[in-house]
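Take a look at the structure below.
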Amino acid sequence: MTNDHVTLTDETFDEAIGASSEAVLVDFWAEWCGPCKMVAPVLDEIVEEQGGKLKLGKINIDDNMELARRFDVMSIPTMILFKDGEPKVRIVGAKGKGQLLQELHPHL
Amino acid sequence: MAEGRNDGVRDVIIVGSGPAGLTAAIYTGRATLAPLVIEGEPSSTSDQPGGQLMLTTEVENFPGFVDGIMGPELMGGMRAQALRFGAELLTARATRVDLSERPFGVWATDPMTGGEVEHRARALIISTGARSLMLGVEGERELLGYGVSTCATCDGFFFRGHDIAVVGGGDSALEEAIFLTKFAKTVTVIHRRSELRASKIMQERALANPKIRFVWDSVVTAVRGASKVEGVDLRNLLTGEEPQLAVTGLFVAIGHAPTSDLFKGQLDLDDGGYIVTLGGTSATNVPGVFACGDVQDHVYRQAVTAAGSGCMAAIDAERWLEAQAHHHQSPGGMPEDAATFTR
C-alpha cells in the first residue's frame, strides 16, 4: 500500500486539477465510511500500476463540503477521473479492482 | 478469458469474511491448517469483505465491548486476528464451485486478468452471509448513489437538514432511521404492516424520537427524480390510496436473503435459499463442506451467533480432515459419509 497521493481541499482543488498534465483520479471519502476504507488500497494499487500516467487525489468530505456539493456527491466513496481539468468518468460506490479498471480503462 | 490454476491443494478454503468466516479462519489458523479466505471484493453493499457489519455504526451487543464498537473496527480486528494465525486473505469474489469431487474446486476473480483462478481444498467452509434486498421498483437502480442508498453510515452525512425516508420495519431499518436523525430534518419510516418486527428496545427508541414519523401499511411503488431523488410514490395496502412523499433520500432496509446462488444444485438448500446443515453441526449434505453464519441461519442472524457458528465449522472441518487422514492411513478407519459425522 502506498501513500503516494495528493490531498485536495476546497482551496487547492482548482489549481491542482487544472495544472496537472496527468489524469487525476479523485476519491471523495471520509474516516467513518467502511466501504471507503476497503476501496482505498485498491485505488492505490491502480494508480501505482499506471506508472506516472495517473495521479490519486483524495478529498476528505468532512473538511471539504464545498467540493462535495459542487460535484453533487451524495454517496461515498465517489471517484471521479479528471483529464485536462475535466471530469471524464464518475464511479459511485466501492467496487472490485477488475470492475474499476474496466470503467477507467477507456479513459487512461 | 484467462484462467489460472493455483498450485497445491489446501486443507481449508473459507468463502466469505464476515464474523462467521473470520472466526473460522482464526480457529483453523490456530489449528495450523493455513486457511485461504476468499474474502470478497469492495462494494457499497453488504456483499463485501467484512460483510454486513461494514455498513453498521455502533455494535452494542457484541460481548466484551462495554461501550460498543464500530462495525468496521470490529471486523478490522477479526481480520487482523485471522492474519496473525496464518490465514491467507484473497480480496476476490468466488465465481463458481465444484463440490462433485474432492479436493473441492473454488474459482475466484482475478483482477489482473479479468479472468478467474482455480483453488482446491480438501475441506470447504461456506460463510457467504446474506445480501440486502432491494425494492426492485422503477427509479431505484437509476438513482442509486443519487439519493437512493444502501449504506446509511456512508451517505447519511449528505442529508443534513433534508427530509428523507427509510423503508422497512426490522432492527436494521430502525437502527438506520435513528442514525439518520443525526443529520436529517425528518426521517419517515415506511413499513408494509401496522406493527414493527424490530426488537422492543429499538422500537421504543424510534417511537420516542421526535424526528421519526411512520407511514404504516404502505409500500414504495416508484422512486421519482430526474438526476436526484425528489420523492417516492406510495401505496397504502389497506385503503389502496396512492400518495406521494417528497423526500430527497431513500434508504432501503427491507431485509436480507442468503447468498447461496453459488451452491444451487450442489448443496441442499431450504425453500428460503438457506444452506441446510445437519442438526447441531455445520455439516452440509456434502461430506467435507461446512456452512456457518447467515447463509445457513434464518433464525438468529446476529454477529455473535455467526461468529459462534464459524467456530463450530472450523472445529467440524478440522475433525473431518483428521478423520480423513486416519482413514487413508488405515483401511477400515472412519467412514466418509455425513450421516456418521461425529462431534
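We did not get these values from a lab; they are worked out from the coordinates using the rules stated. Everything quoted here is computed from the prediction, not taken from an experiment. Note: ideal-geometry Cβ built from the backbone for every residue, glycine included; neighbour counts use all protein chains shown.
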The condition from (1) away from every other protein chain (no Cβ under 14 Å); (2) surrounded by 16 or more Cβ atoms within 10 Å (Cβ to Cβ); (3) in contact with an Asp or Glu (Cβ under 9 Å, 6 or more places away or on another chain) that B:G50 misses is numbered (1)
Of the residues A:P41, A:P77, A:P35, only one is surrounded by 16 or more Cβ atoms within 10 Å (Cβ to Cβ) and out of contact with any strand residue (DSSP E or B) (no Cβ under 8 Å at 6 or more places or on another chain); which? A:P35
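The rows are residues; the columns are (1) free of Cβ contacts under 8 Å to residues at least 40 places away in the same chain; (2) in contact with a Ser or Thr (Cβ under 7 Å, 6 or more places away or on another chain); (3) surrounded by fewer than 21 Cβ atoms within 10 Å (Cβ to Cβ).
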{"position": "B:F251", "(1), (2), (3)": "no, yes, no"}
{"position": "B:G272", "(1), (2), (3)": "yes, no, yes"}
{"position": "B:I275", "(1), (2), (3)": "no, yes, no"}
{"position": "B:P287", "(1), (2), (3)": "no, no, yes"}
{"position": "B:V299", "(1), (2), (3)": "yes, no, yes"}
{"position": "B:A303", "(1), (2), (3)": "no, no, no"}
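Can you find a residue in the range B:207-225 that is within 21 Å of A:M65 (Cβ to Cβ), buried (at least 16 other Cβ atoms within 10 Å of the Cβ) and not charged (D, E, K, R)? Working first, answer last.
The first filter runs over the range B:207-225 and keeps only residues within 21 Å of A:M65 (Cβ to Cβ), leaving none.
Within the range B:207-225 (the criterion being within 21 Å of A:M65 (Cβ to Cβ), buried (at least 16 other Cβ atoms within 10 Å of the Cβ) and not charged (D, E, K, R)), the answer is no, since none of the residues qualifies.
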Return the residues of the range A:80-108 that are among the hydrophobic types (A, V, I, L, M, F, W, C), farther than 22 Å from B:R160 by Cβ and either within 9 Å of chain B (Cβ to nearest Cβ) or surrounded by fewer than 16 Cβ atoms within 10 Å (Cβ to Cβ) (or both); say none if nothing qualifies. A:A94, A:L100, A:L101, A:L108
Could you check the range B:204-237 and list, in sequence order, the residues that are free of Cβ contacts under 8 Å to residues at least 24 places away in the same chain and of a type in the set (A, V, I, L, M)? B:L207, B:A208, B:A226
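Is there a residue being within 26 Å of B:S149 (Cα to Cα) and surrounded by fewer than 18 Cβ atoms within 10 Å (Cβ to Cβ) anywhere in the range A:11-30?
First, the residues of the range A:11-30 that are within 26 Å of B:S149 (Cα to Cα): A:25-30.
Next cut, surrounded by fewer than 18 Cβ atoms within 10 Å (Cβ to Cβ) only: none.
Scanning the range A:11-30 turns up no residue that is within 26 Å of B:S149 (Cα to Cα) and surrounded by fewer than 18 Cβ atoms within 10 Å (Cβ to Cβ).
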Give the residue, chosen from B:S132, B:S149, that is facing chain A (nearest Cβ under 9 Å) and hydroxyl-bearing (S, T, Y). B:S149
Going through the range B:105-160 one residue at a time, which ones are assigned to a loop (DSSP other than H, G, I, E, B) and either under 30 Å from B:V299 (Cβ atoms) or in contact with a His (Cβ under 6 Å, 6 or more places away or on another chain) (or both)? B:S127, B:T128, B:G129, B:L133, B:M134, B:L135, B:G136, B:V137, B:E140, B:T150, B:C151
Apart from one, (1) within 8 Å of chain B (Cβ to nearest Cβ); (2) more than 14 Å from the chain's Cα centre (by Cα); (3) basic (K, R) all hold for A:R70; the odd one out is (1)
In the range B:85-97, anything within 22 Å of the chain's Cα centre (by Cα) and more than 14 Å from every other protein chain (Cβ to nearest Cβ) is listed as B:A87, B:E88, B:R96, B:V97
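Scan the range B:31-60 for residues that are over 14 Å from B:R79 (Cα atoms) and not small (G, A, S) and report the count.
Step one: of the range B:31-60, the residues over 14 Å from B:R79 (Cα atoms) are B:31-34, B:41-47, B:52, B:55-60.
Now narrow it down to the ones that are not small (G, A, S): B:32-33, B:41-42, B:45, B:47, B:52, B:55-60.
Looking only at that region, the number is 13.
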Complete set of residues in the range A:89-108 that are of a type outside the set (S, T, N, Q) and without any contact (Cβ under 8 Å) to a residue 40 or more places away in the chain: A:V89, A:R90, A:I91, A:V92, A:G98, A:E103, A:H105, A:P106
